[in-house]
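A.B. asks: Structure in C-alpha cells, see below.
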Amino acid sequence: MSYTARHPQFPRRWASMATESSTQEYTARIELAALYRLAVKFGWTDVTSTHISARIGDDPDHYLLNSYDFMFDEIKASNLTRMSYDGERSESGRTLNLAGHLIHSGILKARPEINFVFHSHTRAGIAVSAMPDGLLPLSQHAGFVLGTLSSHPYQDSTAVADEGALLAADLQQNYAMLLQNHGLLVVGRTAAEAFAYHYYLEMACKIQVDILSCTDHPVKITDEAMQALHQWGSPESGPQGEMQWPALMRMLDREQPDYRN
C-alpha cells in the first residue's frame, strides 16, 4: 500500500510530484517535520537555532535540514531544505544553516546506519553538560541513556571545518552525547528512536538539576540496577521508541496536521 493510501492526510500536491521525489523522501520529510513540532510541544526549542536532520534513504548525496528562516512550529514537510553533503541547497532563497550542516553532514557520513540526528540547546541539557561529572545515575531516565552516552568538548561549530567529523569520532557507536557547555545531541535509525533518546536524555538532565538543587548528597542507583537499565535503553535491542511513535504522530495529526503539508 502506498504512503498516501495509508495516510489520507498526506498532501495530494505532494502525490502529484511523485516523479520528482521518492516515497522515501516523502516519508523522511513528514517524520522530520514531526520531530520539529514535537520539539516545540516538549519545550526543546531555542528560537530558530538548533537543528534536526534526516537522511534521504534512496538518495546517498542529500539529506534534509531546516533553514534559519522558520520557527520550529512553522516547519512542515514542504519547507525543509534538501542539502548535499558538500553544502549545496536544492531550494534557493533560504538562510543557510551552516552550523547545522557542519554537524549533521559529518555524523550522517560517518554513521551510515543512522537516519536522524537531533541537536538541542535545552536549559537542563546545557546545565548538565557543564557539570564536571556529567550525567549521574540518579533516575531510570538516566539509566536508559547512560549505556550509550558520549561527551564532546566545547568548540564553535562554525569555526571548526571538521567539527562534524570530530563529533562523530567522540560519539563513536553511541546514540547520545553531551556537548559540553552547549547542549545535547542524539541519533537514531528511525525518527522514533531519535525522539526516544532525546526525550530520556533531556528528562534525565531535568531530574538531575532538580535533585542537585535540593541536596549535595543524592542517592544514586546501584551499579547492578544500572546495568539492567542500560539493557532497557540499549540500541542492540532494536530501534527504541517504536511503541510510542504512532501515538505521537496521532497527537500531531489531531493538534497541528499542517506539519504534513
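A.B. asks: Using Cα positions and a limit of under 19 Å, work out the aspartates and glutamates in reach of Lys220, with same-chain residues fewer than 8 apart set aside.
C.D. replies: Result set, ordered by chain and number: Asp133, Glu202, Asp210.
A.B. asks: As a check on your grasp of the helix formula, calculate [θ] at 222 nm for the chain: sum -39500 (n - 2.57) over DSSP H runs of n ≥ 4, divide by the residue count, round to the nearest 500.
C.D. replies: Value at 222 nm, helices only: -12500 deg cm²/dmol.
A.B. asks: Next question, about the same structure. Test of understanding: in a Gaussian network model of the chain with alpha carbons linked when under 10 Å, which of Asp216, Asp170, Asp73 would top the mean-square fluctuation ranking?
C.D. replies: Fluctuation is largest for Asp216.
A.B. asks: Here's a follow-up. Counting Lys and Arg as +1 and Asp and Glu as -1, what is the net charge of the other residues whose Cβ lies under 12 Å from the Cβ of Pro218?
C.D. replies: My count for the surroundings of Pro218 gives -2.
A.B. asks: About its Cα centre, what dipole magnitude does the range 19-145 give when the only charges are +1 on Lys and Arg Cβ and -1 on Asp and Glu Cβ, stated in debye to the nearest 20?
C.D. replies: The calculated dipole for the range 19-145 is roughly 320 debye.
A.B. asks: Taking Lys76 as the anchor, which aspartates and glutamates have their alpha carbon closer than 19 Å to its alpha carbon, excluding any fewer than eight residues away along the same chain?
C.D. replies: Glu20, Glu25, Glu31, Asp46, Glu91, Asp253, Glu255, Asp258
A.B. asks: Under a plain spin-label model, where a point goes 7 Å from the Cα along Cα-to-Cβ, how far apart in nm are Ala225 and Ser213?
C.D. replies: Simple spin-label model gives 2.3 nm for this pair.
A.B. asks: Could you identify which residue out of Arg111, Arg250, Arg37 has the top mean-square fluctuation in a GNM of the chain using Cα springs shorter than 10 Å?
C.D. replies: Evaluated over the chain, the most mobile residue of the options is Arg250.
A.B. asks: On the principal axes of its Cα set, how long, how wide and how thick is the range 89-203? Give whole Å, largest value first.
C.D. replies: Cα spread of the range 89-203 along its principal axes, largest to smallest: 46, 28, 24 Å.
A.B. asks: Can you tell which of Glu74, Glu193, Glu25 shows the greatest fluctuation in a Gaussian network model of the chain with Cα springs below 10 Å?
C.D. replies: Ranking Glu74, Glu193, Glu25 by mean-square fluctuation puts Glu74 first.
A.B. asks: Also, quick follow-up: Work out from phi, with θ = phi - 60° and the Karplus expression 6.51 cos²θ - 1.76 cosθ + 1.60, the ³J(HN,Hα) of each residue of the range 77-83, listed in order in whole Hz, and give x for Gly and Pro.
C.D. replies: Per-residue couplings from phi come out as 4, 7, 9, 6, 9, 8, 10 Hz.
A.B. asks: Give me the base-10 log of I(q)/I(0) for the range 65-150 at each q in 0.10, 0.15, 0.21, 0.24 Å⁻¹, Debye formula, one uniform scatterer per Cα, rounded to two decimals.
C.D. replies: The Cα Debye sum returns log10 ratios of -0.37, -0.75, -1.09, -1.21.
A.B. asks: Extending each Cα 7 Å along its Cβ direction at Asp162 and Ser234, get the distance between those two points in nm, one decimal.
C.D. replies: 3.3 nm
A short reminder: the numbers here are calculations on the coordinates, not readings from a lab. Values in this document were obtained by computation on a predicted structure and should not be read as measured data. Using ideal geometry, Cβ is built from the backbone for each residue, glycine included, and neighbour counts are taken over all protein chains shown.
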